[in-house]
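What follows is one structure encoded as structure tokens, with my remarks underneath.
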Amino acid sequence: MKQLILFLNIVFFSINISDSISAELKCNINENKCTQVNFDKNKKNIYEYIGGIKNGKAEGKGKFYLVNEPNFFSEGIYTTNKLNEITLITGVIHLPEADYFLKDKNIYKIVYKNGEILEGTFDQETRIIKKGTQSFSNTKEKFTGKFNEGAFQEGTFIFSDGTKFTGTYEGNRPKKGLIIYNNGETFSGSFINDTKLTFVRSEGIYKLKDGTRYEGNFFINGKYKSGTYYFKDGGITVFTEGKDQYYPPERKTNIGQTYKRSTDSDWDFIEILKYPLWALGLFLVYYFLKDIVVAIMKTSIGGIVKFYGMMFFVITTLVLFAFFLKMILGG
């Protein structure tokens, strides 16, 4: 680990090893090589640079490596400062666990051996990403946004199945935002903050692909807890601690009055009452028409007057009856 830290200090900044004894950096123009021997706690480390040399100093494209540790090396564009220290300007540092990519002496990408890739803006001292993209080649998932101490803070996470979440995080777990599932359903709201669970809905609006939606909070198993489920026809189901009550759609009359929702039993009573009322109306029509037919059969001047008078009364009664029945039943 000590060698790793020393090597990072060298390739990120310069050959300037603290807490150790170093020989002078020597460059051989004929061999295009610069060499320095370092003793760290009585252990001999040999660092070599092979590449472009200008005026007896490392300059240009080359490769820098730790001779006795072949897995530690870097390659790219180098320069030598006034203190005779070699510095990598643009290139890549190869380490056993990851490859670090630099541009203008700053890290902009880290590719880990397990397939994880970080790319964006880094804290150059801690080498921790602050803003950018973290992708996982083995799962095809990707996060783009802001980081806090290397953990997700705010941004968009795309799952391997195409599901996408955009929002904020806390402790690397989703806190609040919008998630669009790969089947077209969406949820906008907050999520349960649990170390063992991720993307478990807590409270918000859940829209299903059939056009219905639920607004409220959820049990940890995903079932509706307390809220309202809205159907496309205007009907609703109200949930209270998991118990549900259905309410049919509101109904309107032709004169613009709105009859509010009530319970199922109330609406069932109205529906049951509706047909007997119409049956009563038909019976009254039959009853009066029977008398009218009898009057016609006994036609006389007085009978004709009585016939038309009774017909006017029957028609008026039926019209008023139908009007009020329509107002009561709403259609």
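The values are calculated or read from the model by the stated rules, or taken from the named source; none is laboratory data. Since this is a predicted model, take the numbers as computed values, not measurements. Heads up, the Cβs are rebuilt from the backbone with ideal geometry, glycines too, and the neighbour counts pull from every protein chain shown.
Per-structure values
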| read-out | value |
| --- | --- |
| Residue count, region 170-199 (criterion: modelled with pLDDT of 95 or more and within 15 Å of G145 (Cβ to Cβ)) | 4 |
| Selection count, region 94-145, where residues are part of a loop (DSSP other than H, G, I, E, B), over 20 Å from F165 (Cβ atoms) and either out of contact with any strand residue (DSSP E or B) (no Cβ under 9 Å at 6 or more places or on another chain) or among the hydrophobic types (A, V, I, L, M, F, W, C) (or both) | 3 |
| Residues that are out of contact with any His (no Cβ under 8 Å at 6 or more places or on another chain) and either under 20 Å from I29 (Cβ atoms) or of a type in the set (S, T, N, Q) (or both), drawn from region 68-82 | N68, I77, Y78, T79, T80, N81, K82 |
| Among (1) modelled with pLDDT under 95; (2) assigned by TED's automatic domain parsing to the domain that holds I192 - the single one Y230 does not satisfy | (1) |
| Tally of residues being in a loop (DSSP other than H, G, I, E, B) and surrounded by 17 or more Cβ atoms within 10 Å (Cβ to Cβ) across region 146-178 | 0 |
| The listed residue being in contact with a strand residue (DSSP E or B) (Cβ under 7 Å, 6 or more places away or on another chain), at pLDDT below 95 and either β-branched (V, I, T) or under 30 Å from D99 (Cβ atoms) (or both), out of E154, E149 | E149 |
| Criterion (of a type in the set (A, V, I, L, M), part of a loop (DSSP other than H, G, I, E, B) and modelled with pLDDT under 95) met by exactly one of L83, L88 | L83 |
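For (1) modelled with pLDDT under 50; (2) in a strand (DSSP E or B); (3) more than 18 Å from I77 (Cα to Cα), each residue gets a yes or a no:
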| residue | (1), (2), (3) |
| --- | --- |
| L8 | yes, no, no |
| I15 | yes, no, no |
| C34 | no, yes, no |
| N45 | no, yes, yes |
| Y49 | no, yes, no |
| E59 | no, yes, no |
